[in-house]
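This report concerns only the one structure given below.
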Amino acid sequence: MTGPSDGTGDGEVPAAGADTPTADGTVYLVGSGPGDPELLTVKARRLLGEADTILHDKLPGPDILDDIPDEKREDVGKRAHGEGTSQSYINERLVELAREGQTVVRLKGGDPTVFGRGGEEMAYLAESGVPFEVVPAVTSAVAGPAVAGIPVTHRDHASTVTFVTGHEDPAKADSAVDWDALAATGGTIVVLMGVTRLPEYAATLVEAGMDPATPVALVERATRDGQQVATGTLETIVEARDTAGIEPPALTVIGDVAATRERVVDFLTTTEVSES
């Protein structure tokens, strides 16, 4: 494997707006769904078999990644706090492989365009003259709550749903997430990648006027071995998280729909390690 281009020679990237493809290969931006291999789409599974190289992060989960031959795999995963492979390197590596004539799969957890940087990669590939295709998937933002018995919308409880990234500090002055507006809007809020900052945004929502008794659920490793769920309210969910030992990857469901789980949980066939 070669490193990222330095902008010279064969690695040079053409200016934005390339009119014609400059690569013989094709890049597929593929979503793997929430982690259960049986929830891969038929197209995703076919492309994983046909690809010459698969650039993946950690989120597809071991049950999916273990089925990929080692010689095809390149781990380009990013870790918390920005550690790991840079997005610029991933972009350049996709272009490099396609220009070698390869069929390339960029494998992502969930859907490639839901907090998956699929939009950034599409733009870079287009600017570089590389043909690509997006292969949508079941997004974890919907599938995670669903397998835990929580519908993100419900005729009696929520007619709207908002997906939010939990990476940002809600106290940041220039935050891209308007937590005050979310508190006033109602409906369901699904926070992805927000386990660590749960205390901050739970407190921010309460300060913005949301009822402290609003139901909340945390779903860890949805659809995978080790799935567990912790439930509580905005006031108690941090303690519930700590008691259950909830860790990433997990998502947070905030709103009345989180409480509907109580009516169905005894009939769920999903195995869970912990119930809080």
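Computed with a 1.4 Å probe over protein heavy atoms only, the accessible surface of the chain comes to 48 Å² per residue. Sites listed here are trypsin sites (Lys or Arg not before Pro) in segment 28-127 whose DSSP assignment is loop and whose Cβ has at most 11 other Cβ atoms within 10 Å: Arg79. How many angstrom lie between the C-alpha centres of segment 221-235 and segment 118-152? When both Cα centres are located, 22 Å separates them.
Per-residue Karplus couplings for segment 25-33, computed as 6.51 cos²θ - 1.76 cosθ + 1.60 with θ equal to phi - 60°, are listed in order as x, 10, 9, 10, 8, 10, x, 9, x Hz, Gly and Pro entered as x. Anisotropy class assigned to the chain is prolate, per the alpha carbon gyration tensor with a/c at or over the 1.5 cut-off and a/b larger than b/c.
Students sometimes get this wrong: rank Glu100, Glu207 by accessible area, probe 1.4 Å, all chains present, largest first.
Values: Glu100 110, Glu207 155 Å².
The residues order as Glu207, Glu100, largest area first.
The Rg/Rh ratio of segment 34-87, with both radii computed over alpha carbons and Rh defined as the Kirkwood radius, is 0.98.
Can you give me the % of accessible surface on the chain that is carbon or sulfur? Probe 1.4 Å, all protein chains present, nothing else counted.
On the way: 6590 of 13270 Å².
Ligands and nucleic acids excluded, carbon and sulfur give 50 percent.
Farthest towards the positive end of the charge dipole of the chain, among the residues Val130, Val238, Thr185, is the Cα of Thr185, using unit charges on the Cβ of Lys, Arg, Asp and Glu. Just to verify a number: FRET efficiency for Arg73 and Arg155, C-beta to C-beta distance, R0 = 51 Å, to 0.05? After rounding to 0.05, the efficiency reads 0.70.
The values are calculated or read from the model by the stated rules, or taken from the named source; none is laboratory data. Note that the structure is predicted; figures quoted are calculated from it, not measured. Virtual Cβ from ideal backbone geometry, glycine too; neighbours counted across all protein chains shown. Side chains are part of the model used for accessible areas, which takes the heavy atoms of the whole protein and leaves out ligands, DNA and RNA. Shrake-Rupley method; radii C 1.70, N 1.55, O 1.52, S 1.80 Å.
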